1. I'm told V102 meets every condition in (1) more than 28 Å from L199 (Cβ to Cβ); (2) open to solvent by less than 80 Å² (accessible area, probe 1.4 Å); (3) under 21 Å from the mean Cα position of the chain (by Cα) except one. Can you identify the failing condition by its number?
2. Can K139 be described as among the basic types (K, R) and either open to solvent by less than 40 Å² (accessible area, probe 1.4 Å) or at pLDDT 95 or above (or both)?
3. Hey, among S40, S49, which residue is within 22 Å of H217 (Cα to Cα), in a loop (DSSP other than H, G, I, E, B) and without any contact (Cβ under 8 Å) to a residue 12 or more places away in the chain?
4. Would you mind stating whether T211 is surrounded by fewer than 24 Cβ atoms within 10 Å (Cβ to Cβ) and among the hydroxyl-bearing types (S, T, Y)?
5. With the requirement that a residue be part of a strand (DSSP E or B) and open to solvent by 20 Å² or more (accessible area, probe 1.4 Å), what does segment 71-96 give you?
6. Scanning segment 52-68 for residues that are of a type outside the set (D, E) and assigned to a loop (DSSP other than H, G, I, E, B), which turns out surrounded by the most Cβ atoms within 10 Å (Cβ to Cβ)?
7. Could you list all residues from segment 158-172 that are within 22 Å of R137 (Cβ to Cβ) and either of a type in the set (K, R) or open to solvent by less than 10 Å² (accessible area, probe 1.4 Å) (or both)?
8. Quick test for you: out of K108, K130, pick the one residue that is at pLDDT 90 or above, open to solvent by 30 Å² or more (accessible area, probe 1.4 Å) and assigned to a loop (DSSP other than H, G, I, E, B).
Amino acid sequence: MSEEMSGAQSVQYMIKAENVSNRFGTLKVLDGISLTVKPSEVVCIIGPSGAGKSTFLRAINNLEHIDDGNIFIAGRQIAGFENGVSKFRISAKERRNVLLDVGMVFQKFNLFPHKTALENTMVAPVNVLKKSKEEAREKGIELLNRVGLGDKINSFPSKLSGGQQQRVAIARALAMDPKIMLFDEPTSALDPELVGEVLTVMKQLAKDGMTMLVVTHEMGFAREVADRVVFMESGRIVEEGSPDQIFNAPKNDRLKKFLGAVLDQ
């Protein structure tokens, strides 16, 4: 059901998904998912491959279609569907403006290979936010320092390790001043020894109060940093709770089996 959000209510959540479903032909990838993420909350989504975790994250950011359900960002509705038919009107410009509050970091770094680390952080602020090159450059340098790459601002992606490239990708997303950060398995493409440097940056973002929704297979990160952990399987949320509850007292048998497999590795 669509809802009008007052200014007072809008701070109650940054992300709200109501009964979101997504189908590809006869395959139901998402099956009635409802999830709310509050301001400054860190929510980690865990689960087996094929559970629909990445599809859900992409649906929130309007990178994937939904067939049913409603999606709200920072108190504003951006999508409402029933049986594949839109039941909510919003202009492309309005939706785009709302989604400027959402930054996303993918498994693949997707950096421009012909641009330096600093230039990669400047592209969107200059072209989308219409910031001056000087302002974008100043912000880019500040962010690259923040992710520990102040000495790599003039390096091209080919000269950076995977962990360094992913940290540039995080700085690039932060350059748009998002209120929300979505992370889709940000360490899955990295060699094991490079994972820590990316997780360190993400932990600091969480400490700084960034609202974060993280799809991850890094159970240690979820246990340490998440306010809430969500376990998905077969397109559904099967169980959610605090890290202590999920990891130390799981109720669902499938979650127990999943944790037994991943924590024994």
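1. (1)
2. Details: among the basic types (K, R): yes; either open to solvent by less than 40 Å² (accessible area, probe 1.4 Å) or at pLDDT 95 or above (or both): yes.
Judged against the criteria, K139 is a match.
3. Values: S40 fails: without any contact (Cβ under 8 Å) to a residue 12 or more places away in the chain.
Matching residue, one of S40, S49: S49.
4. Values: surrounded by fewer than 24 Cβ atoms within 10 Å (Cβ to Cβ): no; among the hydroxyl-bearing types (S, T, Y): yes.
Spelling it out, it is not the case that T211 is surrounded by fewer than 24 Cβ atoms within 10 Å (Cβ to Cβ) and among the hydroxyl-bearing types (S, T, Y).
5. Start the filter on segment 71-96 by keeping residues that are part of a strand (DSSP E or B), which leaves 71-73, 76-82, 85-86.
Selection gives R76, F81, E82, V85, S86.
6. Initial filter on segment 52-68 (of a type outside the set (D, E)): 52-63, 65-66.
Pick out the ones that are also assigned to a loop (DSSP other than H, G, I, E, B) and you get 52, 61-63, 65-66.
Details: G52: 24, N61: 19, N62: 18, L63: 15, H65: 14, I66: 26.
Here the residue is I66.
7. Step one: filter segment 158-172 for residues within 22 Å of R137 (Cβ to Cβ), giving 158-160, 164-172.
Across segment 158-172, the qualifying residues are K159, Q166, R167, V168, A169, I170, A171, R172.
8. Working: K108 fails: at pLDDT 90 or above.
Going through K108, K130 in turn, just one is at pLDDT 90 or above, open to solvent by 30 Å² or more (accessible area, probe 1.4 Å) and assigned to a loop (DSSP other than H, G, I, E, B): K130.
The values are calculated or read from the model by the stated rules, or taken from the named source; none is laboratory data. These figures come from a predicted structure and were not determined experimentally. In this analysis, Cβ positions are derived from the backbone assuming ideal geometry, glycine residues included, and neighbour counts consider all displayed protein chains. Just the protein is used for accessible areas: all its heavy atoms, side chains included, with ligands, DNA and RNA removed. Shrake-Rupley method; radii C 1.70, N 1.55, O 1.52, S 1.80 Å.
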